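For reference, the structure is listed below as structure tokens.
The values are calculated or read from the model by the stated rules, or taken from the named source; none is laboratory data. Not measured: the values here are computed from a predicted model. All Cβ positions, glycine included, derive from the backbone under ideal geometry; neighbour counts span all protein chains shown. For accessibility, only protein heavy atoms count, side chains too; no ligands or nucleic acids. Shrake-Rupley method; radii C 1.70, N 1.55, O 1.52, S 1.80 Å.
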Amino acid sequence: MTNPPPPSLGYSLTVTSSNSDSSTPQPEKNSAPPATMLPGAPRFPPPKLQQDQIPSPFFQNPNLLSPANGVRSPLPHLSTPPGPPVFKSPVRPAAVPFRTSPATPQPIAFSSGSTLPTSSPPHFLNGSVELQHQVPLATEDSTLVNESSCALFSAHKVLKQKKLTNVPSLGFGALFSPGREIFPGPQILQRDPHRCHNCGAYANLYCKILLGSGQWQCVICQRLNGSEGEYVAPSKEDLRNFPELSSPIVDYVRTGNKRPGFIPVSDSRMSAPIVLVIDDCLDEPHLQHLQSSLHAFADSLPPTARIGIILYGRTVSVYDFSEESMASADVLPGDKSPIQESLKALIYGTGVYLSPMHASKEVAHKIFSSLRPYKSNIAEALRDRCLGTAVEVALAIIRGLSAEMSRGVVKRNGGNSRIIVCAGGPNTYGPGSVPHSFSHPNYPHLEKTALKWMENLGREAHRNNAVVDILCAGTCPVRIPVLQPLAKASGGVLVLHDDFGEAFGVNLQRASSRASGSHGLLEIRCSDDILITQVVGPGEEAHVDTHETFKNDNALCIQMLSVEETQSFAISMETKGDIKSDCVFFQFTVQYTNVYQADISRVVTVRLPTVDSVSAYLESFQDEVAAILIAKRTLLRAKNHSDAMDMRGTIDERIKDIALKFGSLVPKSKLHRFPKELSALPELLFHLRRGPLLGSIVGHEDERSVLRNLFLNASFDLSLRMVAPRCLMHREGGTFEELPAYDLAMQSDTAVVLDHGTDVFIWLGAELAADEGRSAAALAACRTLAEEITELRFPAPRILAFKEGSSQARYFVSRLIPAHKDPPYEQEARFPQLRSLTTEQRTKLKSSFIHFDDPSFCEWMRSLKVVPPEPS
């Protein structure tokens, strides 16, 4: 694989791999040529195999780390600022033939059978030459389903015919979440793994074992390997005692003499420092909100957390925690990068710039209270802000104090350090800055220079195990294209907020508490029949000298910028030819250093059966996983508004091509039927086409760019919600019924919660809102539900509530499919809840809709000459 040029503004890594014949040594990997469209489907292009680099994480379910095995660390409980009393609101399943959207799709059920292929050697009772196929320790599918949930495939079977498997409009692939929390937790092994000497794959539950000698056969390259006698056993049942031979996912933990600080207790975690870099050019209303958020942030930190505080405007002020009676800071100029002499005087002087909260909490509160609003009468966009210099100083403090001299205690950092920038405007002063006005005659060149400088600063932060998160708020444009490279190159995230209030404060807390590993390396190995064509996710191609090499190691290697629970990689695959074997294998390995400074190698092995039947293949498809893979490939190419419009057209062509290749022709008609096995896929893609990622719902291109970059890195759960909103209708008694996200849910006597990933909307019908008591109870229940379902999501979404007919309600209406335009029989088929309404209620509902040109789902499908699939 060739090293790609340094990526530009696009956020997601895109790498290609060529898994060629394992019999030929390949010390380097070569890029695979782009996939080509099959004849008959030339109108929408195949995925572009190019480096677009690291997106920034946007995450639902930041999966908490369990300290029980010393591998993962807990995050403190976080909740949004005070709201209604918390109570559990059970969600009642939709009483309709409609597929609700679970938090995770049903992953692959690993086979517990021990059937040997007919080509296996003869069975001898002494076991000396018996190759035994191992079975999982847990024979119940449910246990294995949970364990395998960090690897989600678009189909649970692989079609043997290359021509149909590689149809680009449908595609085949997997979503892999390296740090996702597993229930029950993975098996832990505190020893070195057994690896194939030929290809580097790990021993696993699908290997065949020679019981007499302990040799095991690699599932990837079929070579025999020794186990130093460890796998010698009288029977296959005895081999089940080895976790790697009984579980599809295992964690190898190595502490070693070089990392003596490993203590598997959460309170003893070595806290990496958190440095706040705060905009000093805010007007009073914004500053008041920011101060409230900062005070709440200080109160939320654990006593062992170490914090630093830096302010920036025309100068950089580094606050000194050794002065306990008042807020005291050392000041550096902001017009240029700090010189080494100034940094040495700062770091090795008498001041304390990183201090644990148990010793500095009151000082931090004094510093936050001492902040003052901007005094000069200059417009927000014209104020001088040396954001780049401030981040350089923050990085220098972290790097200079990495041995930790604070309060005389010597400790080793755990995990990545965090620099959290609280920005209210663009970087317009010092290195990495752009002119105040776009009309500057040299603006394009200066912006290009700033982009490169910011990206280099982000890479420097990554080299020093520091992640830069940029939390923007307020009404002043922050020049997203300039700031984005800093966050993404460091492995951080950029988030936009309306103000510095509630959502900003929650994100500030969640950004600091995200447990993240460092030095992450992802390796993907597949059977020879499988070719990886594209990877989209938070990483970049690993150089050959950064990972172990084996004689014929064809693994695709990705250097991860950070290792967090909420990330995922979208992996697109093809088959090299017609498959002859009965199954294919995939092995994902992520190696990283956790917050306890232990080296972890998580190994996930998946076996998928191969089939000749197209129907069996389609029935095994996971519509939601397939939709997210398609969405990530599509969004990767939608770098601007014009691209987004083009990508909407490719979705149309994709639907037509799938119907042509896998559907059937309606008798005496030119319409095609969409395959019934994929009935949920078109509606998911329709949501993608008209939603904020590709549609015109989001007003400003900067906002859509931020959403795009977050989506390309996001976990499956959040990605699904960003594509297709989840609609929950409030019922009497505090329960909620899940319904399709259609505008038919806007019934005047109800309240509806719509979760769209980055935003959660609460809509109160006019009739309900007129009853003050009922509306207050419904609003409290909806608010509580919204907070519960987004409690661990990062970034935290906006939670907006409004009444029917208000101007803000358009944000809610625009995200629902306008099913009111369909004939009544179509409405009832797709939204059976309508049958519970009286004739008067149906008439009132019908008259409440305003006509506009946006097509319904059924109208859109018919415009493509495709019959809408019946609801599943």
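Which distance in Å, rounded to a whole number, links the C-alpha centroids of the stretch 275-293 and the stretch 641-694?
46 Å
Please work out the ratio of the alpha-carbon Rg of the stretch 282-336 to 2.2 N^0.38 Å and round it to two decimals.
The reported ratio for this selection is 1.31.
How large are Rg and Dmax for the stretch 818-872 when only the alpha carbon atoms are used, in Å?
Using the Cα atoms of the stretch 818-872, the pair Rg, Dmax is 12.2, 35 Å.
Go through the stretch 775-791 residue by residue and turn each phi into a ³J(HN,Hα) via Karplus (6.51, -1.76, 1.60, θ = phi - 60°); whole Hz please, and just put x for glycine and proline.
Rounded to whole hertz, the list is 5, 5, 5, 5, 5, 4, 5, 5, 4, 5, 4, 4, 5, 5, 6, 10, 4.
Expressed in nm², what is the orientationally averaged projection area of the convex hull enclosing the Cα positions of the stretch 654-772?
With every direction weighted equally, the projected area is 10.9 nm².
List the residues, sorted by chain then number, that are 5 or more residues from Ile470 or on another chain and whose placed amide H is less than 5 Å from its amide H.
Placed amide hydrogens put Val421, Val493, Leu494, Val495 under 5 Å from Ile470.
If you average the sequence gap of Cα pairs under 8 Å that are 6 or more apart and divide by the length of the stretch 575-713, what percent do you get for the contact order?
Once normalised by length, the contact order is 20 percent.
Compute the normalised compactness of the stretch 465-585: alpha-carbon radius of gyration over 2.2 N^0.38 Å, N being the residue count.
Here the answer is 1.41, to two decimals.
Find the relative contact order for the stretch 670-801 and round it to a whole percent, using C-alpha pairs within less than 8 Å whose residues are 6+ positions apart.
17 percent
Excluding Asn427 itself, what net charge comes from residues whose Cβ is under 14 Å from its Cβ, given Lys and Arg +1 and Asp and Glu -1?
Summing Lys and Arg as +1 and Asp and Glu as -1 gives -2.
Tell me, what is the per residue accessible area of the stretch 303-368 in Å², probe radius 1.4 Å?
Here the residues of the stretch 303-368 average 46 Å² of exposed surface.
5 Å is the cut-off here: which amide hydrogens, built 1.01 Å from N in the peptide plane, fall below it relative to Ser271, excluding neighbours closer than 5 in sequence?
Gly414
Taking the alpha carbon gyration tensor of the stretch 509-667, what are the square roots of 5 times its eigenvalues, largest first, to the nearest whole Å?
Those come to 32, 23, 15 Å.
Averaged over all directions, how much area does the convex hull of the C-alpha atoms of the stretch 174-256 cover when projected, in nm²?
Answer in nm², one decimal: 6.6.
What pairs from Lys632/Lys865; Lys336/Lys361; Lys670/Lys821 go past 30 Å between their alpha carbons?
Cα-Cα > 30 Å for Lys336/Lys361; rest within.
Quickly rank 646-652, 175-181, 832-838 as a protection proxy: mean count of other C-beta atoms within 10 Å, highest first.
So the peptides 646-652, 175-181, 832-838, ranked by packing, come out 175-181, 646-652, 832-838.
Output needed: percent of Cα pairs per 5 Å distance bin for the stretch 759-812, bins running from 0 to the one holding the longest distance.
Calculated over all Cα pairs of the stretch 759-812, the distribution is 4, 21, 27, 22, 16, 8, 3, 0 percent.
Translational diffusion coefficient of the stretch 327-396 at 25 °C, 0.890 mPa s, Stokes-Einstein with Kirkwood Rh over Cα pairs, in µm²/s as a whole number.
It diffuses with D of about 170 µm²/s by this estimate.
In straight Cα distance, which lysines are under 28 Å from Lys580, not counting same-chain residues fewer than 8 positions off?
Lys29, Lys157, Lys160, Lys162, Lys163, Lys208, Lys236, Lys551, Lys661, Lys676
Using θ = phi - 60° and the Karplus form 6.51 cos²θ - 1.76 cosθ + 1.60, what ³J(HN,Hα) does each residue of the stretch 224-230 get, whole Hz, x for Gly and Pro?
Coupling constants for the stretch 224-230: 8, 9, x, 10, 6, x, 5 Hz.
Find the Rg to Rh ratio for the stretch 756-847, where Rh is the Kirkwood radius over alpha-carbon pairs and Rg uses the same atoms.
Taking Rh as the inverse mean 1/r over Cα pairs, Rg/Rh reads 1.01.
Take the Cβ-Cβ distance between Arg191 and Thr839 as r, set R0 to 60 Å, and report the resulting FRET efficiency rounded to the nearest 0.05.
0.25
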